[in-house]
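Taken together, the values in this text are just the output of simple stated rules run on the coordinates, not laboratory data. In this text, all values refer to a predicted model and were calculated from it rather than measured experimentally. Cβ atoms come from the backbone with ideal geometry, glycine included; neighbour counts cover every protein chain shown.
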Amino acid sequence: MWIAGSSVDTCGQTLDLFSTHLDIELLQRLAIALFIGGLVGVEREHRGGRDPMHFGGLRTFILVAETGAVAALLSTTMGSPWVFAVFGIGMALMLAAAYLTEARHADYVPGLTTEVAALVTFLLGGLTIVGAPEVAVALAIVTSAALTFKSGLHRAVRTLGRDDISAGLKLLFATFIVLPILPDHPVDPLEVLNPYRLWWLVILISSLSLVGYIAVRMLGPNRGLAVTGIAGGLVSSTAITLSFARRSVEESDLRDALSAGILVAWAIMFLRVMVEVAVVHPPMLRHVGMPMGVLFGVGLILTLWFYRRGGQPGAAAELKLQNPFNLTSASQFGLFFAAVLVAVELARTYVSDDLLYVVSALAGATDVDAITLSMANLAATDGIGLDQASICEVVACLSNSVVKCGMVVTLGHKRMVLPILLSTLILGGAAAGSLAVAFF
């Protein structure tokens, strides 16, 4: 629209300033597109080496990203998405021709990784203009990482069996199909059993355990006992304790290394509790964080002491851990978790809140996760104070540690018993001291 009079100059100055601002932003977006091309291109340059038939290196990928950005800019300026689509089709045809040329002259069937990476780079270049540059950069980093860690990713996949893949699919089924159809309200007279929340917490625990299980599988049999204890602690610190205690009888010269593996698994349990609390009810972490942090720190110090005294990082750690997720075990944990919630509510309603400490000790002796989630859930719904919920979780962890200490006493080498007993007492003293400072 043309505006007559003196207002033209003022309006023109405003438009000029606005255009300058847009030009600066545009230059920034174009620079991001070039950075994306360079990021992916550096990896492809190293991967291609001196192969004359290899498609694209650093310069090619920078140009591909620039092409995507310019195509998106022209498409936006002209108000037609077909401009970008035509450029995209042209890029796809060029990549197809490059692949066919390489395949014709090669003695093997080449992969499509580089060509697909180039097409992704083209699209990310366009995304920096029409979308969120931050998202484009994040996706470029993921793309570059996927290309760089090719061997590691393939090795990780080879370590997984059909049962592991099946368990992962079941977890996805439980998360994205079962969870959305569950009612999100209490269905019992006590109003403590919310099916949606119960199943969501089951998925949380299963996911944490699955991460540890995959880590153990990826470590393989040639890693140190302490390192295996760290990963195994995410799956089950009880399983680690049981396995290492039995092994100490067969290989008594590894008792210090095995003790280090046991104690680091216990320390990971304390860290796992903090993660669960942070996910379920973040404000509670300020209360439970100090005692759990102290227990985690003391556990690591004890681990380091045993490790330096006789730890053997190269000792093989044979662990027979089953995949932590299947629908049966998930359902069993859900039922146990529901039973803990009912027991807690009955204790609060018909006896006294002080009985919660007894319930926590009894539940923790079997499973720390259930009582941890129960207390965090109660605190989130204002059913219990944050201080009391935090104390209950510490009590549950100590109860669980005492039970695992009993496993070592019963099944472990006699020269392993006293050190683990003393370590358990030290953890108990650290817990009592931190609780006294934090809550009394």
Calculated from backbone phi, Karplus (6.51, -1.76, 1.60) coupling profile of the stretch 134-148 in Hz, x at Gly/Pro = 4, 5, 4, 5, 4, 5, 5, 5, 4, 4, 4, 5, 4, 6, 5
Summed side-chain charge close to Asp256 - residues other than Asp256 whose Cβ falls under 12 Å, Lys, Arg +1, Asp, Glu -1 = +2
query = In straight Cα distance, which aspartates and glutamates are under 20 Å from Lys414, not counting same-chain residues fewer than 8 positions off?
reply = Glu250, Glu251, Asp253, Asp256
note = Scoring only Lys, Arg, Asp and Glu (+1, +1, -1, -1) among other residues with Cβ under 13 Å from the Cβ of Asp188 yields -1
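Quick check: net charge around Glu66, other residues with Cβ under 13 Å of its Cβ, Lys/Arg +1 and Asp/Glu -1?
The answer is +2.
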request  = Over all alpha-carbon pairs in the stretch 160-439, figure out the percentage whose distance exceeds 35 Å.
outcome  = 17
note = Once the in-chain neighbours fewer than 8 apart are removed, the aspartates and glutamates whose Cα is under 13 Å from Lys150 read Glu43
